[in-house]
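The values are calculated or read from the model by the stated rules, or taken from the named source; none is laboratory data. These numbers come from a predicted model, not from an experiment. So basically every Cβ, Gly included, is an ideal-geometry build from the backbone, and we count neighbours across all protein chains shown.
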Amino acid sequence: MNDDSLQQSSASIDTIVRSAPDSLLSVWFDQYFYFKRNDLRKILYNVCDTLNIEGTSSERIEQLNTCMSKQIPNKHFHKLSLNNGTVRLSGMMLSFLLSVLGISVREVQKFVVRVCGRNGHGGIKKPNMMEGEELEVFRARFAAIVNSDCWLGEDGRLQYTEADRGRIKVVFDILQMIGDIPIELVPNPVNRSVKIWLPKPLGPAFIRWGFTTGDKSIQNERLVEIVRNGSLISHRGYLEELISEDGCFEQFAGFKWSRTIVLNLGIYDTKYNLEPKLSNQDCELLLSFDKARKDMKKKCTIVSIHQLEKAIEHDFAQDVLEIVSTSRSSLLDDEVSLAEQFGIRILSYPEYITLYESGRVSVKWVAKTATKLDAIRWALLFPPNDPRKRNKVNQWLKTQRDETSIIRDHLEREGILTYGGPGVI
């Protein structure tokens, strides 16, 4: 066995698993990759040849097992046998083999039948092991979806909820970029939406990329660093999906989206710790505010920030407005920054406070394009990746031909090239 090759491969594992955000393998090191027996045999024999492992077939595999057991933590290692049992490799084991061969996972992905968790259930068939810009753009696009209409559990479960069938098809198409993913729609009996449980390898990947698990509105985390620090093309992908998921377009208001954060916890939020922003007295005064609106169906009271500003002569209103102004949505602020780097002016403001019977109090923050010209610039750079919303935007642009032509010329002079529509990487 070549000790130098072994030492180099050990160093490569650490690099692949811990320092490679541009590789899916780096976040799937604890997932399992299934192969056809003959395909895996060829890979293992090539590794044995590279490490100068000699002997019969069984002897070579046994020596390779010994070699890997010294380099890979026990929880990510299992003995390989090509004679019986399931033919699979943990991501950590696959990383080791690839590092020995000095090749990328893309060079063996055609042999991967499926990737899934330890129990072998579900998973992603024929995974596309993205790397580099392809992965960066996919991650940014799906980040907007995860931050909007997804729930991500601490155990990696990932659920998507949506009512619009056209949008569901678009999200399904995005998912197919990463492999063959079966989609089962589970109707929600309460409303017209459907719930979709996404295969387990996806959730753990987003957790390792730093995405928030559990209740996002309580934790009020920033947009994850790996997306914030991404390329301009990935930011454009994020903003296309943002409006498609959590935003809208109106011809007089432009592009608009919102994020909600929690000010006070309710009786059902016991797993979280959050110092209440509003006092009990503030809440009581808001509940009795003459402009407050009751929503019996949602069991809550809604107070418009605009109405509070008109009642500024009341001390409690001034106190509440000051608290709200300093309790901004961290996610929305980062999303605004993404748009502003493209020369688009964005206004952000709190829209209303909601007080629930459970005791939870939240505030809705809104961001919108500042002017019609900003809306045109947004439409040219980040057209919504949603058939219905995109058509609405395109119809509006036809009524703004002169301004659109001028802004398109500006973008070309700035070197920010538009491209052929949503979904194009």
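Below, the figures for the structure above:
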{"read-out": "Residue check, Cys67 touching a Leu at 6+ places or on another chain (Cβ under 9 Å), free of Cβ contacts under 8 Å to residues at least 24 places away in the same chain and either farther than 24 Å from Ile178 by Cα or assigned to a helix (DSSP H, G or I) (or both)", "value": "no"}
{"read-out": "Qualifying helices (runs of 4 or more DSSP H) (wholly inside region 115-208; at least 1 residues being over 27 Å from Thr260 (Cα atoms), in contact (Cβ under 8 Å) with a residue 24 or more places away in the chain and charged (D, E, K, R))", "value": "132-149, 165-175"}
{"read-out": "Residue list for region 209-225, filter: part of a helix (DSSP H, G or I) and of a type in the set (Gly, Ala, Ser)", "value": "Ser217"}
{"read-out": "So Pro201, is it over 28 Å from Ile346 (Cβ atoms) and in contact with a strand residue (DSSP E or B) (Cβ under 6 Å, 6 or more places away or on another chain)", "value": "yes"}
{"read-out": "Filter result for Glu351 (within 23 Å of the chain's Cα centre (by Cα) and modelled with pLDDT of 95 or more)", "value": "no"}
{"read-out": "Which listed residue, of Lys299, Lys372, is among the basic types (Lys, Arg), farther than 21 Å from Arg259 by Cα, touching a residue at least 24 places away in the same chain (Cβ under 8 Å) and surrounded by fewer than 21 Cβ atoms within 10 Å (Cβ to Cβ)", "value": "Lys372"}
{"read-out": "Subset of region 46-60 [touching a Lys or Arg at 6+ places or on another chain (Cβ under 9 Å) and touching a residue at least 12 places away in the same chain (Cβ under 8 Å)]", "value": "Cys48, Ile53, Ser57"}
{"read-out": "Selected residue (only one of Glu357, Glu309 is surrounded by fewer than 16 Cβ atoms within 10 Å (Cβ to Cβ), farther than 25 Å from Asp269 by Cα and acidic (Asp, Glu))", "value": "Glu309"}
{"read-out": "Inter-residue pairs, beta-carbon under 7 Å, first in contact (Cβ under 8 Å) with a residue 24 or more places away in the chain and in region 341-352, second among the acidic types (Asp, Glu), 6+ apart", "value": "Ile344/Asp374; Arg345/Asp374; Ile346/Glu340"}
{"read-out": "Subset of region 393-403 that is outside any loop (DSSP other than H, G, I, E, B) and not aliphatic (A, V, I, L, M) - its residue that is surrounded by the most Cβ atoms within 10 Å (Cβ to Cβ)", "value": "Trp396"}
{"read-out": "Subset tally (residues that are within 13 Å of Trp378 (Cα to Cα) and in contact with a Pro (Cβ under 9 Å, 6 or more places away or on another chain)) for region 249-273", "value": "2"}
{"read-out": "Filter result for Ile13 (at pLDDT below 50, of a type outside the set (Phe, Trp, Tyr) and either farther than 26 Å from Trp209 by Cβ or surrounded by 13 or more Cβ atoms within 10 Å (Cβ to Cβ) (or both))", "value": "yes"}
